[in-house]
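Notes for the one structure printed next.
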Amino acid sequence: MKRLVVVATFLMAFLGFGCEGDYTLYGGPGEVVYVEVPVEVEVPVKVPVEVLVEVPGEGGDVWIDSFEQPFTMNGIDIVWLIDKSGSMNQHSQAVVDGIEQMMLSLPPAGWRLGITTSSWTDANSTQQFPLVPGDTVQDAWDAYNNTGNGHYEAGFDALYAYLAENQYNQTWLRPDAGLLVVFVSDEEEQSSRDFTPTLAGLQDFINWYGLQRPSVFMASIVNVHMILNECDQPLSPYYVGNRYMDATDAFGGVVVDICSEDWAPGVQAATSQTEPHEAWPLTYHPIEETLIVFVDTVEMAESDWVYNATINEVEFTVVPPEGALVEIGYVIDYDAGDDDDSSDDDDSAGS
């Protein structure tokens, strides 16, 4: 596994360790993997990934921030799947405003944006060419109004129908482009045709979607919590979009509170997922002389990147290629005042 090779390389390259001694890799919440250096094992990880390596006796912790450079050189295909049930009428203007904001945030060429509903019957049968560069907000309104009014609130099934069953869509979808999906709903995801309404069905959807393109991205504009939201009154659990949020989190995507007054920041963050990373914010402040950057386990020349201490990020003078696994290792400078809250903030900025 490349992850462990890079950790071992970092430890030996900077700290001058031999290959003896145990250390601990901390992955996702509750996940602890004990290994010994050197070692060859398979450890499932998500990207972006952050790994903390406790180094006994050295008085410092090594942190590794990680991301995979997206495959979007050949453009980005975007699909908005919108719940058009009656309760969503109040959000119509916000939906179109969100689509317009995404159109304005995208590059001047290379993207296509399709719109359909969260009903698989609409997604299966629509024959509408996507929005493209040069289209206007009126074009977005026309596309929104022409999506249909299917009664199913099942975004997973609808996406499957849109990508895998709708023959018209094969005329404009591009297998070599990136893919961004945006779910919009004020209710929980209710698929039952292609993906069961169970935890296993959720995992089936995540597995299926992850195989659709070399790089896939996701965002959800949903009710985020029964109480911790910007809605006028508390919600029933039935209306919280947990399955949408769980799927989005699996791809390091962006979740937006559907009741928020302004979707623009979230929509812009969702759009930025698809752009090649020319810089990466660090989770912690590093001891600067310990910084090492790897691209696919090979150390990057120091002339190819610079550290910007003012905003605590690594900036690339040579942008890593598509598909590259980029890992930034450093010893944490705890004297700089980092804490768990600051790392959470940086995570959001990085993803």
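The values are calculated or read from the model by the stated rules, or taken from the named source; none is laboratory data. The structure displayed is predicted, hence computed values, not measured ones. No Cβ is skipped: glycine too gets one built from the backbone with ideal geometry, and neighbour counts run over all protein chains shown.
Go through the residues of the range 219-234 one by one and say whether even a single one is within 21 Å of Phe156 (Cβ to Cβ) and touching a residue at least 40 places away in the same chain (Cβ under 8 Å). Yes, the range 219-234 has at least one match. Annotation note: Cβ proximity below 8 Å between a residue of the range 190-216 that is under 20 Å from Ile82 (Cα atoms) and a residue that is among the polar types (S, T, N, Q) and in a loop (DSSP other than H, G, I, E, B) (sequence gap 6+ or interchain) occurs for Pro197/Gln190; Pro197/Ser191; Phe205/Ser191.
Yes or no, residue by residue, for (1) among the aromatic types (Phe, Trp, Tyr); (2) at pLDDT 95 or above; (3) touching a strand residue (DSSP E or B) at 6+ places or on another chain (Cβ under 9 Å); (4) closer than 25 Å to Gln273 by Cβ:
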site	(1), (2), (3), (4)
Gln93	no, no, no, yes
Pro108	no, no, no, yes
Leu131	no, yes, yes, yes
Tyr160	yes, yes, no, yes
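Applying the condition of being free of Cβ contacts under 8 Å to residues at least 60 places away in the same chain and more than 16 Å from the chain's Cα centre (by Cα) to the range 258-278 and asking which residue is farthest from Gly155 (Cα to Cα) yields Glu278. Taking the condition of being under 15 Å from Glu275 (Cβ atoms), touching a Phe, Trp or Tyr at 6+ places or on another chain (Cβ under 6 Å) and β-branched (Val, Ile, Thr), how many residues in the range 309-331 meet it? Matching residues across the range 309-331 total 1.
Checking each residue in the range 74-101 for being under 13 Å from Val184 (Cα atoms) and in contact with a Leu (Cβ under 8 Å, 6 or more places away or on another chain) picks out Val79, Trp80, Leu81, Ile99. Consider the range 144-163 and keep the residues that are in contact with a Phe, Trp or Tyr (Cβ under 9 Å, 6 or more places away or on another chain) and among the small types (Gly, Ala, Ser). The one that is surrounded by the most Cβ atoms within 10 Å (Cβ to Cβ) is Gly155.
Ser87 meets the stated requirement of being over 22 Å from Gln167 (Cβ atoms), at pLDDT below 95 and over 24 Å from the mean Cα position of the chain (by Cα). Annotation note: of Leu291, Leu282, the sole residue that is buried (at least 20 other Cβ atoms within 10 Å of the Cβ), outside the structural domain of Ser220 (by TED's automatic domain parsing) and closer than 21 Å to Glu68 by Cα is Leu282. Selection within the range 184-240: residues that are buried (at least 16 other Cβ atoms within 10 Å of the Cβ) and of a type in the set (Val, Ile, Thr). The member of this set that is farthest from Thr121 (Cα to Cα) is Val224.
Candidates in the range 117-129 are the residues that are of a type in the set (Ser, Thr, Tyr) and out of contact with any strand residue (DSSP E or B) (no Cβ under 6 Å at 6 or more places or on another chain); of these, the one that is surrounded by the most Cβ atoms within 10 Å (Cβ to Cβ) is Ser119.
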